């Protein structure tokens, strides 16, 4: 289990390096689940996704470090009503399946102890994401959009927090 996980605020100077990590992460998911060499949300590979959402004035976007090495990023939407949203989390594929993502998520929950619920969305094809969110982090599927469309389908997930 990763022990030395830290966060720093995402800034515009970080976009290029984070985009390279995001591209590797999303491409790996597409390779594993869709048998495609690459794929991800619009702009994931050219920096526009992170510029749009990571630098959005209402998001809380953080770089993820393990032992002082940049390994990924996370974009959160923290709301006054305490029903928060996880926009994205991505880790370099070299860090996957080692407990790092679970540790990152536990630290996020500790950072926002007053949260009443967390919500997120994940592609229907990404079985690893389903396992991570549901079995590791305690989310539940509350809705499925386009369940027969592997590439456009979405799982909507929610986690009610115990205060």
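The values are calculated or read from the model by the stated rules, or taken from the named source; none is laboratory data. Values in this document were obtained by computation on a predicted structure and should not be read as measured data. A quick note on method: Cβ atoms are made from the backbone with ideal geometry, for glycine too, and the neighbour counts reach across all protein chains shown.
Could you list, in sequence order, the residues of region 59-91 that are within 18 Å of residue 114 (Cβ to Cβ) and free of Cβ contacts under 8 Å to residues at least 24 places away in the same chain?
60, 77, 79, 80
Of the numbered conditions (1) surrounded by 14 or more Cβ atoms within 10 Å (Cβ to Cβ); (2) touching a strand residue (DSSP E or B) at 6+ places or on another chain (Cβ under 9 Å); (3) touching a residue at least 40 places away in the same chain (Cβ under 8 Å); (4) assigned to a helix (DSSP H, G or I), residue 32 satisfies every one except a single condition; which is it?
Going through the list (1) surrounded by 14 or more Cβ atoms within 10 Å (Cβ to Cβ); (2) touching a strand residue (DSSP E or B) at 6+ places or on another chain (Cβ under 9 Å); (3) touching a residue at least 40 places away in the same chain (Cβ under 8 Å); (4) assigned to a helix (DSSP H, G or I), residue 32 breaks only (2).
Considering only region 55-83, state which residues are more than 23 Å from residue 99 (Cα to Cα) and touching a helix residue (DSSP H, G or I) at 6+ places or on another chain (Cβ under 7 Å).
55, 59 - these are the residues of region 55-83 that are more than 23 Å from residue 99 (Cα to Cα) and touching a helix residue (DSSP H, G or I) at 6+ places or on another chain (Cβ under 7 Å).
Residues of region 102-135 being closer than 19 Å to residue 63 by Cβ and either in contact with a helix residue (DSSP H, G or I) (Cβ under 6 Å, 6 or more places away or on another chain) or modelled with pLDDT under 95 (or both), which ones?
The one that is closer than 19 Å to residue 63 by Cβ and either in contact with a helix residue (DSSP H, G or I) (Cβ under 6 Å, 6 or more places away or on another chain) or modelled with pLDDT under 95 (or both): 102.
If you scan region 1-29, which residues turn out to be in a loop (DSSP other than H, G, I, E, B), in contact with a helix residue (DSSP H, G or I) (Cβ under 9 Å, 6 or more places away or on another chain) and at pLDDT below 95?
Within region 1-29, 1, 2, 3 qualify.
Got a sec? Which strands (runs of 3 or more DSSP E) wholly within region 45-163 have at least 1 residues that are under 15 Å from the mean Cα position of the chain (by Cα) and surrounded by 15 or more Cβ atoms within 10 Å (Cβ to Cβ)? Even if it seems obvious, please write down each step before you answer.
Numbers: elements: 60-66, 69-77, 83-91, 117-123, 140-145, 154-160.
Fully inside region 45-163 and qualifying: 60-66, 69-77, 83-91, 117-123, 154-160.
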